[in-house]
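Chemist: Okay, here's the structure, questions in a sec.
The values are calculated or read from the model by the stated rules, or taken from the named source; none is laboratory data. From a predicted model like this one, the values you see are computed outputs, not experimental measurements. Cβ placement follows ideal geometry from the backbone for every residue including glycine, while neighbour counts extend to all protein chains displayed. These area figures cover heavy atoms from the full protein model, side chains too; ligands, DNA and RNA do not enter into them. Shrake-Rupley method; radii C 1.70, N 1.55, O 1.52, S 1.80 Å.
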Amino acid sequence: MWIKALRLTDFRNYGRLELDLEEGLNFFAGANGSGKTSILEAVSYLAVARSLRGASDSEVVRWGSPGFGVGGDIVADGTVRSSTLRFTRGGKKDVTLDGEKQMKLSDLVGVLRVAWFCPEDTWLTKGGPSERRKLLDMTLCQLDPLYLDALSNYRRALRQRNEALLSWTPDEESEALVSVWSERLLHYGSRVTAGRMRLLPRLADAVACFHENIAGSDVLRLRYRSTTAGVTGSGDDPPTEDEVRSSFNDSLERVAADERRRGFTLVGPHRDDLEVRLGDRALRTFGSQGQHRTAAIALKLGEAAVLDSDGRGVVVLLDDIMSELDDQRAASLLELVGDLGQALMTSTRGAPALAAGRRSRSFVVEAGEVKRQ
Amino acid sequence: MSLFPPSLERLVLILARLPGIGKKSATRIALKLVGSSEADCRELARAVVEASEKTIGCSTCGALTECDPCAICTDPRRESTVICVVERPSDVIALERTSRFRGRYHVLGGLLSPLDGIGPEDLRLDSLVARAGADDVSEIILALNPTAEGEATSLYLARLLDGARVRVTKLASGIPVGGDLDLADELTLGTALDERREL
């Protein structure tokens, strides 16, 4: 799949922008703050209905505007689909596909899939677990609308339950309230955990393969570390939703007293981690700068390969990766992602050298204006 | 600086507070109103005031009515054995349009949501428990939205009504009637599969 045309309305520093893109590499050059990354961010809205840069919806609205819109013509399976996402401040996000308004945001899932690479990726293996959970979640959300639904409902139920725990008092009514939210937490949470565990073997294989190609040395392994007793493992034999639910329930009972004292939820997929091991050691505690960088690239390439596993292609977004990689490494990464399909790449420097025969188009970005070069 | 005279500007702002009406629609409506006759405007104003003064919540079921108890609660032809629990008065209207339900209603007035500070004491629960305890009531149908809040509230109600000798049921969710299986989204189809029933 690839994006033929991209349209932005009141998005970040763009009032109105229309871009015709190339099926191969699209290169955006410009100074810091000129609006290069915003273009990639807009694309991420068409794939997952949110900013993969981590911004909130109201943050990306152009200053003084009531809302924003992102639209794209996406070529896949021999047809062109036109998809639009609109957001109004204080309101909801609406999705339109081929001119028809959709009931749910998850109707967008699968129309466009993206893999986002950025310099902060090195924190994937160095930093806290939230970035690694995000990697799993964003992959699954693009593959499975049921997962997207379970995840957003889980987040909602979690916030409701935390609020109920915060005002908990030792009486029957208070306990009854916490318990209905525990039930919702278990319902959506076991779907989330089971979904992640099902993905793990596929992701681990792809990641290990890329890592071997790049580093050649020790094997990179992934392990899902769950705060829910009994579901920790390498995921070779992933537990069913019912199995996860039953151990999640046991864990909630185990921490019940503690949760009521501290006023928030202590176990569940929102506290789980994806452990990355190099050889037989946890990479996070001993890895060198270079090992972290290689592992992060392998993880992201693995994600992209899993997203492309049905052969429909994935659009690769490369945000300023040349600031972190030297020319040679950047070139070999470009070659690897080139096999996956269309790429949109930003840089403060000039366009990279490309393998012969690769189609590309260059743009110059300057203060909210994009000119084709 | 506004382009409109102050009174017109004020009208636009008030209209824009209404649900589903943005600044643009509000401006269109306001311009139409100031262009119509004084009689038409007075009629509209009178209708707004009259509707808001006369419409009250039924003291039995909570639905909107002009006379208390409401027409549904007092209709002898409706079954008094089944009570359908809904979130808002507008849900009563939606269910009435189906002409399939011949029982009575109970409007909760909201859903449990600790985040919005809505607890059991903010919902019309005491009167529901009292109604469910009446001798002739045999079934309570929970017709709440299948959201996190709706499902949590349904479970809370099911437990609350556990003591009463009534059957508690929930609306089914599944494939839209007249719809095509391959057009149904995965979530709807998955739920329909989970909640399948014997033929």
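Chemist: Among the residues of the range B:107-119, which ones are within 13 Å of another protein chain (Cβ to nearest Cβ) and without any contact (Cβ under 8 Å) to a residue 40 or more places away in the chain? Let's see the steps before the verdict.
Modeler: Filtering the range B:107-119 down to residues within 13 Å of another protein chain (Cβ to nearest Cβ) leaves B:111-119.
Within the range B:107-119, B:S113, B:P114, B:L115, B:D116, B:G117, B:I118, B:G119 qualify.
Chemist: Could you list, in sequence order, the residues of the range B:129-159 that are over 18 Å from the mean Cα position of the chain (by Cα), within 12 Å of another protein chain (Cβ to nearest Cβ) and surrounded by fewer than 19 Cβ atoms within 10 Å (Cβ to Cβ)?
Modeler: Keep residues of the range B:129-159 that are over 18 Å from the mean Cα position of the chain (by Cα), which gives B:129-139, B:155-156, B:158-159.
So of that shortlist, the ones also within 12 Å of another protein chain (Cβ to nearest Cβ) come out as B:155-156, B:158-159.
B:A158, B:R159 - these are the residues of the range B:129-159 that are over 18 Å from the mean Cα position of the chain (by Cα), within 12 Å of another protein chain (Cβ to nearest Cβ) and surrounded by fewer than 19 Cβ atoms within 10 Å (Cβ to Cβ).
Chemist: I would also like to ask the following. Report whether or not A:F248 is touching a residue at least 60 places away in the same chain (Cβ under 8 Å), of a type in the set (F, W, Y) and open to solvent by 20 Å² or more (accessible area, probe 1.4 Å). Lay out the reasoning, then the answer.
Modeler: Details: touching a residue at least 60 places away in the same chain (Cβ under 8 Å): yes; of a type in the set (F, W, Y): yes; open to solvent by 20 Å² or more (accessible area, probe 1.4 Å): no.
Spelling it out, it is not the case that A:F248 is touching a residue at least 60 places away in the same chain (Cβ under 8 Å), of a type in the set (F, W, Y) and open to solvent by 20 Å² or more (accessible area, probe 1.4 Å).
Chemist: Next question, about the same structure. Inspect all residues belonging to the range A:164-176 and state whether any of them is within 30 Å of A:R284 (Cα to Cα) and hydroxyl-bearing (S, T, Y). If you could, list the steps in order and put the result at the bottom.
Modeler: Going through the range A:164-176, the residues within 30 Å of A:R284 (Cα to Cα) turn out to be none.
So far as the range A:164-176 goes, no, none of its residues is within 30 Å of A:R284 (Cα to Cα) and hydroxyl-bearing (S, T, Y).
Chemist: Another question, then. Just name the residue that is surrounded by the most Cβ atoms within 10 Å (Cβ to Cβ) out of those in the range A:316-326 that are of a type in the set (D, E) and in contact (Cβ under 8 Å) with a residue 12 or more places away in the chain.
Modeler: Within the range A:316-326, the subset of a type in the set (D, E) is A:319-320, A:324, A:326.
Those left that are additionally in contact (Cβ under 8 Å) with a residue 12 or more places away in the chain: A:319-320, A:324.
Working: A:D319: 23, A:D320: 19, A:E324: 17.
Top of the filtered list is A:D319.
Chemist: What residue, among those in the range A:258-309 that are farther than 22 Å from A:V192 by Cα and among the acidic types (D, E), is modelled with the highest pLDDT? Walk me through it before giving the result.
Modeler: Filtering the range A:258-309 down to residues farther than 22 Å from A:V192 by Cα leaves A:258, A:260-263, A:277-298, A:301.
Those left that are additionally among the acidic types (D, E): A:258, A:280.
Details: A:D258: 94, A:D280: 84.
Checked the range A:258-309; the qualifying residue modelled with the highest pLDDT is A:D258.
Chemist: Any chance you could count how many residues in the range A:182-231 are open to solvent by less than 50 Å² (accessible area, probe 1.4 Å) and within 14 Å of chain B (Cβ to nearest Cβ)?
Modeler: So the count comes out to 11.
Chemist: May I ask you to verify whether A:Q142 is within 13 Å of chain B (Cβ to nearest Cβ) and either in contact with a strand residue (DSSP E or B) (Cβ under 9 Å, 6 or more places away or on another chain) or at positive phi (or both)? Give the steps one after another, and end with the answer.
Modeler: Numbers: within 13 Å of chain B (Cβ to nearest Cβ): no; either in contact with a strand residue (DSSP E or B) (Cβ under 9 Å, 6 or more places away or on another chain) or at positive phi (or both): yes.
Criteria not met by A:Q142.
Yes or no, residue by residue, for (1) in contact with a Ser or Thr (Cβ under 7 Å, 6 or more places away or on another chain); (2) within 12 Å of another protein chain (Cβ to nearest Cβ):
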residue	(1), (2)
A:V109	no, yes
A:T125	no, no
A:E131	no, no
A:Y147	no, yes
A:N162	yes, yes
A:S167	no, yes
A:L177	no, yes
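Chemist: May I ask you to list the residues in the range B:11-32 that are over 30 Å from the mean Cα position of the chain (by Cα) and surrounded by 11 or more Cβ atoms within 10 Å (Cβ to Cβ)?
Modeler: Of the residues in the range B:11-32, the ones over 30 Å from the mean Cα position of the chain (by Cα) are B:31-32.
Selection gives B:L31 alone.
Chemist: A follow-up question, please. Identify all residues within the range B:99-128 that are polar (S, T, N, Q) and either open to solvent by 50 Å² or more (accessible area, probe 1.4 Å) or within 27 Å of B:P76 (Cα to Cα) (or both); write none if there are none. Reasoning before the result, please.
Modeler: Within the range B:99-128, the first condition is being polar (S, T, N, Q), and the residues that meet it are B:99, B:113, B:127.
Across the range B:99-128, the qualifying residues are B:S99, B:S127.
Chemist: Can you tell me which of A:G313, A:G263, A:G279 is surrounded by 18 or more Cβ atoms within 10 Å (Cβ to Cβ) and at positive phi?
Modeler: Going through A:G313, A:G263, A:G279 in turn, the sole match is A:G313.
Chemist: Among the helices (runs of 4 or more DSSP H) lying completely within the range B:98-199, list those that include at least 1 residues that are over 28 Å from A:L148 (Cβ atoms) and among the basic types (K, R).
Modeler: Working: elements: B:126-132, B:148-160, B:186-194.
The qualifying helices (runs of 4 or more DSSP H) are B:126-132, B:148-160.
Chemist: Inspect the range B:161-176 for any residue being surrounded by 15 or more Cβ atoms within 10 Å (Cβ to Cβ) and charged (D, E, K, R) and give the result as yes or no.
Modeler: yes
Chemist: Any chance the range A:332-348 includes a residue that's open to solvent by 60 Å² or more (accessible area, probe 1.4 Å) and either in contact with a strand residue (DSSP E or B) (Cβ under 7 Å, 6 or more places away or on another chain) or under 21 Å from A:A42 (Cβ atoms) (or both)?
Modeler: Within the range A:332-348, one or more residues are open to solvent by 60 Å² or more (accessible area, probe 1.4 Å) and either in contact with a strand residue (DSSP E or B) (Cβ under 7 Å, 6 or more places away or on another chain) or under 21 Å from A:A42 (Cβ atoms) (or both).
Chemist: Now a separate question. For a quick check of your reading: which strands (runs of 3 or more DSSP E) sit entirely within the range A:1-58 and have at least 2 residues that are open to solvent by 10 Å² or more (accessible area, probe 1.4 Å) and touching a strand residue (DSSP E or B) at 6+ places or on another chain (Cβ under 7 Å)?
Modeler: Details: elements: A:2-11, A:14-20, A:25-29.
Result: A:2-11, A:14-20.
Chemist: When you check B:E38 against the structure, is it assigned by TED's automatic domain parsing to the domain that holds B:D126, of a type outside the set (S, T, N, Q) and open to solvent by 80 Å² or more (accessible area, probe 1.4 Å), yes or no? First the steps, then the outcome.
Modeler: Details: assigned by TED's automatic domain parsing to the domain that holds B:D126: no; of a type outside the set (S, T, N, Q): yes; open to solvent by 80 Å² or more (accessible area, probe 1.4 Å): yes.
Answer is no for this residue.
Chemist: Tell me which residues, restricted to the range A:296-310, are surrounded by fewer than 19 Cβ atoms within 10 Å (Cβ to Cβ) and either in contact (Cβ under 8 Å) with a residue 12 or more places away in the chain or at positive phi (or both).
Modeler: Taking the range A:296-310 as the starting set, the residues that turn out to be surrounded by fewer than 19 Cβ atoms within 10 Å (Cβ to Cβ) are A:309-310.
Answer for the range A:296-310, where residues must be surrounded by fewer than 19 Cβ atoms within 10 Å (Cβ to Cβ) and either in contact (Cβ under 8 Å) with a residue 12 or more places away in the chain or at positive phi (or both): just A:S309.
Chemist: Here is a follow-up. Scan (1) open to solvent by less than 40 Å² (accessible area, probe 1.4 Å); (2) within 14 Å of chain B (Cβ to nearest Cβ); (3) under 19 Å from the mean Cα position of the chain (by Cα) for the single condition A:L97 breaks and write down its number.
Modeler: Of everything listed in (1) open to solvent by less than 40 Å² (accessible area, probe 1.4 Å); (2) within 14 Å of chain B (Cβ to nearest Cβ); (3) under 19 Å from the mean Cα position of the chain (by Cα), A:L97 misses just condition (3).
Chemist: For the structure I just gave you, tell me whether B:L95 is surrounded by 12 or more Cβ atoms within 10 Å (Cβ to Cβ) and more than 30 Å from A:W181 (Cβ to Cβ). Before the answer, list the steps.
Modeler: On the way: surrounded by 12 or more Cβ atoms within 10 Å (Cβ to Cβ): yes; more than 30 Å from A:W181 (Cβ to Cβ): no.
For B:L95, the condition - surrounded by 12 or more Cβ atoms within 10 Å (Cβ to Cβ) and more than 30 Å from A:W181 (Cβ to Cβ) - is not met.
Chemist: While we're looking at this one, here's another question. Scan the range A:282-295 for residues that are open to solvent by less than 60 Å² (accessible area, probe 1.4 Å) and touching a helix residue (DSSP H, G or I) at 6+ places or on another chain (Cβ under 8 Å) and jot them down.
Modeler: The initial filter retains those residues of the range A:282-295 that are open to solvent by less than 60 Å² (accessible area, probe 1.4 Å), namely A:282-283, A:287-288, A:290, A:292-295.
Selection gives A:L283, A:G287, A:H292, A:R293, A:T294, A:A295.
Chemist: Has the range A:170-181 got at least one residue that is part of a loop (DSSP other than H, G, I, E, B) and either in contact with a helix residue (DSSP H, G or I) (Cβ under 8 Å, 6 or more places away or on another chain) or surrounded by fewer than 20 Cβ atoms within 10 Å (Cβ to Cβ) (or both)?
Modeler: Within the range A:170-181, the subset part of a loop (DSSP other than H, G, I, E, B) is A:170-171.
Among the residues that remain, those that are also either in contact with a helix residue (DSSP H, G or I) (Cβ under 8 Å, 6 or more places away or on another chain) or surrounded by fewer than 20 Cβ atoms within 10 Å (Cβ to Cβ) (or both) are: A:170-171.
Looking through the range A:170-181, at least one residue is part of a loop (DSSP other than H, G, I, E, B) and either in contact with a helix residue (DSSP H, G or I) (Cβ under 8 Å, 6 or more places away or on another chain) or surrounded by fewer than 20 Cβ atoms within 10 Å (Cβ to Cβ) (or both).
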